[in-house]
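The values are calculated or read from the model by the stated rules, or taken from the named source; none is laboratory data. What you see is a predicted model, and the numbers here were worked out from it, not measured in a lab. No Cβ is skipped: glycine too gets one built from the backbone with ideal geometry, and neighbour counts run over all protein chains shown. Accessible surface areas use protein heavy atoms only, side chains included; no ligands, DNA or RNA. Shrake-Rupley method; radii C 1.70, N 1.55, O 1.52, S 1.80 Å.
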Amino acid sequence: SLAERRRPGGGRPRYEVVRELGAEEVRWFYREDRKTWKPFIGYDSLRIELAYRAFGEQREGEAAAVEPVCVRSGLYEVDVVNAESYPVYWNQTEKIPVMRGQWFIDGTWQPLEEEESNLIEQEHLNRFKGQQLQESFDMEVAKPVDGKEAIHSLKLSRNHVDWHSVDEVYLYSDATTSKIARTVTQKLGFSKASSSGTRLHRGYVEEATLEDKPPQTSHIVFVVHGIGQKMDQGRIIKNTAMMRDTARKIEEKYFSNLATHVEFLPVEWRSKLTLDGDTVDSITPDKVRGLRDMLNSSAMDIMYYTSPLYRDELVKGLQQELNRLYTLFCSRNPEFEEKGGKVSIVSHSLGCVITYDIMTGWNPVRLYEQLLQKEEEELEDRWMSYEEQRLLEELYITKQRLREIEERLYGLKASTISKPPVLKFKVENFFCMGSPLAVFLALRGIRPGNSGSQDHILPRTICNRLLNIFHPTDPVAYRLEPLILKHYSNISPVQIHWYNTANPLPYEHMKPSFLNPTKEPTSATESESVSAVPSPTTSPVMVRRHYGESITNIGKASILGAASIGKGLGGMLFSRFGRSSTTTPQTLETGKDGAEGDDKKATTVGSPPLPHSSSGFLEPTVELEHRIDFELREGLVESRYWSAVTSHTAYWSSLDIALFLLTFMYKQDQEDPDKSNLDLS
């Protein structure tokens, strides 16, 4: 019924006589992925309509000079001349069609196709312009029209329109037996061909106003992909769209009282890189070519990154794209920086490692320097002849002199050329999803310390907060907390709340609890071999739970194998340090070489038992300043083997993750926590 056309504020304004539709009565729509037409919000629709009318008023022969209209929170622009929309911050091959809606289907409020709508509107004005309408819109209700005479009709290609009064307009199908006609009627919203036709409404259910606008962006999130984008270049755009849509639902549910919102922007850094050109393709055998091409387009990225030849290209590719997006966003939103807008990064898989290296400035040269330093220490510890000592002293003096010259040279360069920061923005939060970062750091020699500070692996001056999110059966994900404090390998990751949990406990108030230290081997061979094989300080996230161990070991082997390619000159040095993934939880054991050749430096004596209560919670001891590892809860009925295959890509549409991200970002954006109606962190 027409009563549905009332706005919450008291109904759409009606005019006493029939006249041309006002700009506020027209509604513009867009259609993505060939789905149904979606209405632009009032703010966008009104501005598109005004641009459309300005274009129509231009004199014939004048060059079309209509500025594109920025829509959908600034992520897209609309070209009214060509009736299409396109994204601002990323490339998209297919343009998004837009349509001007004047006449609408009753109930669904889907617009009639523009060509038919224009014909009906023109006929309506020709026949009824200036005629009196009913006095009260509120009194107007739909009446049955069966047997009622039409006062005017219009024949269309496969349909006809009957006016039973100025306000009672119905669309009828003339070829209900035709398959094409059935398709058309379904597109228009008919459930089936009806003898009574379908009621049409002139003007949209809500008037468009400039007040119906999106909230201001106070926080932008760059979403960085991992491997495999060469295989599907548009995937990160789709994944980010899923994350953005999911976050919108959470914002509406929990943060609707805030006047700002968080925006998600995809960072597609892979497709612009040339790397080896087609060299790898040319050496790829033809047998099982499809599988080989898939591996070349996905796992090969890990090998590229661990190659000294191509690593810098990958780093620069991501760094330049991050800076380009930030500069573009600030140029289009000049108030963002003025009002203290914040930036966070969400990275997936290998993208976490590259993002980390950009923020910290890490490069393989550091590993080489550590190796040289280690060799010097070993030289000092062994007996040397007089000649060896003299040459070694000469070497030290020469190196010291070289360092002084380098420092003077860098000083001169710094005084003439101010080096810009690697990133043009400070990172507020670095969210890792399904991340192998921990195993890369372990292979670079990072070992646990005795301080609970995040600074041990990522200084707070670079990034305010590091958060590591993983699914419990993701075979590519590793824990970060045991790299800071060793005993956290025996403490459970923080469980991420389900999005619909009533009154969840804030994350900062959740006490650490022990993992079950026992592990059930899945086979006799595994139980015999697992203690004999040294592993990095970190372990795959599901080692201490009764998950599908074979899947775990496949993921572990692939990441360790790929990451070990990048150990370079320092690989031999750090490979001798490791931790057995079984035995007592409080004991750190060395690898097979550690006990023989490096006892005094590598061997760690057993730590004292950690105090814990009967409830399983950890009593006060050395703790992390902030928890870093956060684990999604497993589904109650999901198969662990199947989820091990799918979990690595299951983060994008998770409502739990969307709430988790927004909880931390909104908490930081609001000085007063009471401004939010949900406090989870």
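Descriptive notes on the structure:
- Test: Ser513 is touching a Leu at 6+ places or on another chain (Cβ under 9 Å) and at pLDDT 90 or above: no
- Top-ranked residue of region 316-360 - restricted to ones that are of a type in the set (Val, Ile, Thr) and open to solvent by 20 Å² or more (accessible area, probe 1.4 Å), ranked as nearest to Thr260 (Cα to Cα): Thr327
- Between Gln102, Gln58, the distinction of being of a type outside the set (D, E, K, R), out of contact with any Pro (no Cβ under 6 Å at 6 or more places or on another chain), at pLDDT 95 or above and farther than 30 Å from Ile237 by Cβ belongs to Gln102 only.
Residues checked against (1) among the acidic types (Asp, Glu); (2) open to solvent by less than 10 Å² (accessible area, probe 1.4 Å):
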residue	(1), (2)
Arg403	no, no
Glu428	yes, no
Met433	no, yes
Ala438	no, yes
Ala502	no, no
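- Residue satisfying condition, being under 21 Å from the mean Cα position of the chain (by Cα) and at pLDDT below 85, within set Arg248, Arg311, Arg292, Arg270: Arg270
- The residue that is nearest to His626 (Cα to Cα), counting only those in region 486-503 that are assigned to a loop (DSSP other than H, G, I, E, B) and at pLDDT 90 or above, is Pro493.
- Filter pass, Ser85 being at pLDDT 90 or above, small (Gly, Ala, Ser), assigned by the TED database to the domain that holds Leu46 and within 46 Å of the chain's Cα centre (by Cα): yes
- Contact annotation: residue pairs with Cβ atoms under 6 Å, 6 or more positions apart or on different chains, pairing a residue in region 304-325 that is closer than 24 Å to Ile237 by Cα and in the same structural domain as Ser271 (by the TED database) with a partner that is open to solvent by 30 Å² or more (accessible area, probe 1.4 Å) and of a type in the set (Lys, Arg), are Asn323/Lys424.
- Pairs, first assigned by the TED database to the domain that holds Ala438 in region 454-465, second β-branched (Val, Ile, Thr), C-beta under 6 Å, six or more apart: His456/Ile484; Cys463/Val427
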